[in-house]
Amino acid sequence: MSNPSLLILPGDGIGPEVMAEVRRIIDWYGTARGMVFDVSEDLVGGCAYDKHGTPLHDDTMAKAQEVDAVLLGAVGGPKYDALDFSVKPERGLLRLRKEMDLFANLRPAQCFDALADFSSLKKDVVAGLDIMIVRELTSGIYFGEPRGIIEEGNERVGINTQRYTESEIDRVARSAFELAMKRNKKLCSMEKANVMESGILWREVVTEVGKDYPEVELSHMYADAGAMQLTRWPKQFDVIVTDNLFGDMLSDLAAMLTGSLGMLPSASLGAPMANGRPKALYEPVHGSAPDIAGQGKANPIACILSFAMALRYSFDQGAEADRLEKAVEAVLADGKRTADLLGEEGVQPVTTSEMGTAILEKLDASL
Ligand code: NAD
Ligand code: IPM
Ligand code: MN
């Protein structure tokens, strides 16, 4: 049998810095665990635009469709702010998500014990937190038509359209219910059915799908109230399912419950491929962090934990994913902190690669 294949797209800004640490971990799995991956690397985002004049070359898109999993760092940066909208770095990522049909974006927010003191919220509120946000990723206002900037009378109008079909809601709801079944059997669906027709349909379809999962306790919340509840008492949630835009915002909010945006991984999953595993792309929730790029300050944990998600969801290696997550936890318990996690006076931050090395040492120790 051939080795499982991975396409690595480091991207821009801190993307290549955090991905370099993931590369070391992939190599470790090859040497220490005999899990050898066929790894290829390519460009996405601003760096792809610099080389090809497009943020995602067709050849890269084709490769992404063929591999077992894609790992992405981050895209974007101020250098590309003035580019035409159609070739902005972010368009490359959106094309990958859309053409691979990665409709279910899993964004787990877990607060490691060692970081409970560090959150901007009180320790009680976040200690032991373990929630999963399922964000719809290939539809909604990100992709709805009509869209654009048009002339109307003597001024311009910016237009985006929130649009959801029943089947789009149905499939992401099923993913969320399936996850809830494997966790604490609680699902909260968030929309704004009080002001948006798409929200009314969303609530109806999720309720209907819920009939197939009678063991799951389903609740509904307006997304604005959901944001409030996520900061008030996040531990009331287990799985949250929501649309593309609300999911984008709520997951950044959830990131800060765990201490830093540099901690949150994600898995974007589509329909099963011939091998039964879902089509998949794994990436940290954070962006290219232009303010710290090139300084060795980036926290690689979100990207490393994204690889752990790949082990679990694409390669059926749940025990190895646990091993990697435990290694991260152990390093944090030792007090190792990248600069984004520093609150305490007098603690020296470690660099991106020192954090990678510390995690590798824990992996070695786990054997
Ligand atoms: P960002 O996530 O890049 O940064 C927000 C803040 O968090 C910054 O202060 C940054 O230093 C910090 N931060 C983020 N990741 C970190 C890490 N791993 N370690 C330490 N600190 C970290 O968001 P932004 O500044 O709003 O966006 C910058 C660029 O990234 C934009 O072009 C945006 O479109 C893009 N972006 C890309 C993705 C992606 O590729 N998936 C996601 C979000 C934003
Ligand atoms: C994310 C990002 C992306 C999004 C951008 C970079 C396209 O913010 O993955 O959270 O808005 O989905
Ligand atoms: Mn985002």
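The table that follows gives values for the structure above.
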item	result
The chain: antiparallel DSSP beta bridges as a percent of all, rounded to 5	45 percent
Ranked list, fewest to most other Cβ atoms within 10 Å of each Cβ, for R147, R97, R312	R147, R312, R97
Which of H52, H57, H286 has the fewest Cβ neighbours within 10 Å, and the rest in rising order	H52, H57, H286
Convex hull per residue volume in Å³, alpha carbons only, for the chain	152 Å³
Cα-centre dipole for the chain with unit charges at Cβ (Lys and Arg positive, Asp and Glu negative), debye to 20	460 debye
Anisotropy class of the range 228-329 from Cα gyration tensor, a/c 1.5 cut	oblate
Label-point separation, K98 to K326 (7 Å along Cα→Cβ), nm	4.3 nm
Net length gained if the chain between V347 and W233 were fully extended (0.36 nm per residue, minus Cα distance)	38.1 nm
Placed amide H near R337: partners under 5 Å, 5+ positions off or other chain	V350
Computed label-point distance, nm, for sites D334 and R147 using a 7 Å Cα→Cβ extension	4.4 nm
Under Karplus coefficients 6.51, -1.76 and 1.60, residue-wise ³J(HN,Hα) of the range 4-18 in Hz, glycine/proline x	x, 9, 10, 9, 9, 10, x, x, 10, x, 6, x, x, 5, 6
In sequence order, calculated HN-Hα J values of the range 151-158 (Karplus, 6.51, -1.76, 1.60; Hz; x Gly/Pro)	8, 9, x, 9, 9, 9, 10, x
Long-range amide H partners of S288 with built H, under 5 Å	V75
Whole-angstrom gap from the range 1-18 to the range 275-340, using each part's C-alpha centre	12 Å
Amide H contacts of A109 (H built 1.01 Å from N, under 5 Å, at least 5 apart or other chain)	I131, M132, I133
Whole-Å semi-axes of the range 309-367's equivalent ellipsoid (Cα gyration tensor)	25, 12, 9
HN-Hα J in Hz across the range 215-227 - Karplus 6.51, -1.76, 1.60, θ = phi - 60°, x for Gly and Pro	7, 8, 7, 9, 10, 10, 8, 5, 5, 5, 5, x, 4
Footprinting exposure proxy for R135, R107 (fewest neighbouring C-beta atoms within 10 Å first)	R107, R135
Computed helical MRE - 222 nm, the chain, DSSP H runs ≥ 4 contributing -39500 (n - 2.57), nearest 500	-12500 deg cm²/dmol
Amide N proximity, the range 348-362 versus D117 label position 7 Å along Cα-to-Cβ, cut-off under 19 Å	348-350
Computed Rg/Rh of the range 130-257, alpha carbon atoms with Kirkwood Rh	1.03
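None of the figures in this text is laboratory data; all of them are computed from the coordinates on show. Being a predicted model, the structure only gives us computed values, none of them experimental. Cβ atoms come from the backbone with ideal geometry, glycine included; neighbour counts cover every protein chain shown.
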